[in-house]
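All remarks here apply to the structure that follows.
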Amino acid sequence: MDLVEDASPARRRRGEELENALLDAAWAELLDGGYASFTIDAVAHRAGTSRPVVYRRWATKQELLLAAIRHSGLADRPPLPDTGTLRGDVIAMMLLANETRLATAALLSVRLGSYFEETGTALADLREVMLGGRVGAMETVVARGVERGEVDPSRLTPRIVTLPFDLFRHHALMTLKPMPLVDIEEIVDTIFLPLVRPLAP
């Protein structure tokens, strides 16, 4: 097992504690300098350890980057709201995203520009990695709406399901500000719900 000294020579980190320290250092390095200056050497130096200790866990800096993003909590999904209606659920989710995701997501889109260029990927690809095979939040609340009879499943497409948050992300990237409630309600009431509700006979 790898050992690395902390500030005190009498104490050595190992196992999960060591890995958490490395990932914390990687996340801090990414936020401070972006991907352009994100290196294994820089992460090792910030964590107070050596390059081999890092390389034994992550073979490339791209692997380390993705691990650091997962470790940061961005990949963690807060409990989904259950208001009893699709409208209420989607509005509550978007308001929660205003509070918990907006600033970091906007920052990452800037900090990861060179990563996307180097790997030929985009934010959508990063989202899939972060989901790790889980069903997305919008897919879950829309499925609830189908069960309640609020949604016609024959009208659903992947693009329609994610439409509210696609518009939310566009607003976030263009303005770097929270989306006002009136805009959230407009998206839900005049764009999204008319696309998914059962058509009148």
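Membrane-span-like helices in the chain, defined purely by DSSP H runs whose alpha carbon atoms cover 20 Å or more axially and whose average Kyte-Doolittle hydropathy reaches -1.0, are 15-33, 86-100, 158-175. With semi-axes defined as the square roots of five times the eigenvalues of the C-alpha gyration tensor, the equivalent ellipsoid of segment 103-201 measures 29, 17, 10 Å, largest first.
Per residue, the accessible area of segment 95-201 comes to 58 Å² when a 1.4 Å probe rolls over the protein heavy atoms. Each Cα pair under 8 Å and six or more residues apart adds its separation to the average, and for the chain the resulting relative contact order is 19 percent.
Pick out, in residue order, every one of the trypsin sites (Lys or Arg not before Pro) in segment 31-96 that is DSSP loop and has at most 11 other C-beta atoms within 10 Å; say none if there are none.
Details: sites: ARG46, ARG56, ARG57, LYS61, ARG70, ARG87; in loops: ARG56, ARG57.
Taking segment 31-96 and a limit of 11 other Cβ atoms within 10 Å, the loop trypsin sites (Lys or Arg not before Pro) found are ARG56.
Given +1 at the Cβ of Lys and Arg, -1 at the Cβ of Asp and Glu and no other charges, the dipole of the chain around its Cα centre is 280 debye to the nearest 20.
What a 1.4 Å probe finds exposed on segment 44-124 is 55% carbon and sulfur by accessible area, rounded to a whole percent.
Counted residue by residue at 0.36 nm each, then reduced by the alpha carbon distance between them, the extension gain from ARG197 to LEU80 reaches 40.0 nm.
Given axes a ≥ b ≥ c from the Cα gyration tensor, I'd like to know whether segment 31-105 is rounded (a/c under 1.5), prolate (a/b larger than b/c) or oblate. Provide the component values of the computation, followed by the final result.
Values: a/c = 4.18, a/b = 2.88, b/c = 1.45.
Since a/c reaches 1.5 and a/b is larger than b/c, the shape of segment 31-105 is classed as prolate.
Please list HIS45, HIS170 in order of solvent-accessible area, largest first, computed with a 1.4 Å probe with all protein chains present. Can you show the working numbers first?
Working: HIS45 155, HIS170 115 Å².
The residues order as HIS45, HIS170, largest area first.
Within segment 116-201, which trypsin sites (Lys or Arg not before Pro) sit in a loop by DSSP and count at most 12 neighbouring Cβ atoms inside 10 Å? For trypsin sites (Lys or Arg not before Pro) across segment 116-201 that sit outside H, G, I, E and B with at most 12 neighbouring Cβ atoms in 10 Å, the list reads ARG134.
For the chain, build the convex hull from the C-alpha positions and give me its volume per residue in Å³. Mind dumping the intermediate values first?
Working: hull volume 28.5 nm³, N = 201.
Spelled out: Cα convex hull of the chain, divided by residues, is 142 Å³.
The values are calculated or read from the model by the stated rules, or taken from the named source; none is laboratory data. The model shown is predicted, which means the values in this text are computed figures rather than measured ones. So basically every Cβ, Gly included, is an ideal-geometry build from the backbone, and we count neighbours across all protein chains shown. Each accessible area value is taken on the protein alone, full model and side chains, heavy atoms only, with ligands, DNA and RNA left out. Shrake-Rupley method; radii C 1.70, N 1.55, O 1.52, S 1.80 Å.
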